[in-house]
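To start, the structure itself, in structure tokens.
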Amino acid sequence: GERRDVTVLFADIRDFTAISRTMAPEDTVELLNKYFTVITEVVFRLDGTVDKFIGDGVMCVFGSPISSPSHMEEGVKCAFAVKAAVAEVNRRRIGQGGGPLKIGIGLDAGPAIVGNMGSKARMEFTAVGDCVNMASRLTDLARGEGIVVSEAVYTSVSEHVEADRLAGIDIKGIDHPLTIYSLTALKGAWEEDVKTAVADAIAWLERESIVL
């Protein structure tokens with residue numbers, strides 16, 4: 001492993017357990033694959049890596065395996081791009097008689113160990129560190145379709161976002177309350193970058209005849 005500063009993003013489909021109980025297993029897999037395909041394409045276009053899929057969630061890393069000084073910017077842009085891409089899939093799904101899915105997103109940044117980890121029988125390239133655990137916890141706090149980030153991430157990108165400050169938040173595993181931020185919008189060029197990335201991703205998926 002190698003020590004590196006990264007941004008970690010978790011995205012989780014809300015109430016998917018309840019949704020899947022009303023569906024056949026084949027339909028559940030098809031639905032997850034559709035959303036994950038769109039999310040993956042968006043992540044790649046914003047220089048992120050899809051680390052792993054965890055049930056109905058996905059973990060993404062920015063700044064690994066290729067180091068990037070702008071990993072926080074990439075992660076925040078990607079969070080909004082994921083929301084926009086999922087909204088487009090939802091729009092089409094509603095038009096086909098289905099129901100929309102909601103995605104909650106959490107981000108944190110900091111030092112992590114990145115590299116191949118596991119056993120002699122099976123290994124995977126991943127990231128391990130406090131920022132990984134915190135990003136996962138923040139995802140749980142992202143109500144509905146929210147984007148929740150740590151104070152470190154917000155401080156780095158504050159000029160480019162609109163956000164609500166949430167003070168005195170208790171997080172499992174942390175022995176003192178924290179201040180976190182719920183991001184509500186992007187500003188200026190960052191907003192345009194996200195629109196372009198999402199439009200390009202959707203257009204590519206359509207050219208490849210990938211059904212949305």
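The values are calculated or read from the model by the stated rules, or taken from the named source; none is laboratory data. This structure is a prediction, so every number in the text was calculated from the model and none was measured. Backbone-built Cβ (ideal geometry, glycine too); neighbour counts: all protein chains shown. The protein model used for the area step is the full one, side chains on, heavy atoms only, and it has no ligands, DNA or RNA in it. Shrake-Rupley method; radii C 1.70, N 1.55, O 1.52, S 1.80 Å.
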Restricting the search to region 138-159, which residues are open to solvent by 60 Å² or more (accessible area, probe 1.4 Å) and within 23 Å of PRO69 (Cβ to Cβ)? GLU151, THR155, SER156, GLU159
Being assigned to a loop (DSSP other than H, G, I, E, B) and either crowded, with 17+ Cβ neighbours inside 10 Å or β-branched (Val, Ile, Thr) (or both) is true for just one of LEU107, LEU101. Which residue is that? LEU101
Under 8 Å between Cβ atoms, at least 6 apart or on separate chains: pull out the pairs that start in region 103-126 with a residue that is touching a residue at least 60 places away in the same chain (Cβ under 8 Å) and end on any residue that is of a type in the set (A, V, I, L, M) and part of a loop (DSSP other than H, G, I, E, B). GLY104/ALA142; ILE105/ALA142; GLY106/ALA142
Please go through region 54-69 and give me each residue that is at pLDDT below 95 and either closer than 20 Å to GLU191 by Cβ or within 11 Å of the chain's Cα centre (by Cα) (or both), ordered by number. GLY57
Checklist (1) open to solvent by less than 50 Å² (accessible area, probe 1.4 Å); (2) of a type in the set (A, V, I, L, M); (3) over 22 Å from LYS77 (Cα atoms); (4) under 20 Å from the mean Cα position of the chain (by Cα) applied to LEU178, failing item: (4)
Which of the residues spanning region 5-26 are surrounded by 12 or more Cβ atoms within 10 Å (Cβ to Cβ) and at pLDDT below 95? ASP12, ILE13, ARG14, PHE16, ILE19, SER20, MET23
First in region 20-31 and under 12 Å from ASP56 (Cα atoms) and assigned to a helix (DSSP H, G or I), second anywhere and open to solvent by less than 100 Å² (accessible area, probe 1.4 Å) and small (Gly, Ala, Ser), Cβ under 9 Å, 6 or more apart: THR28/SER20; LEU31/SER20; LEU31/GLY98
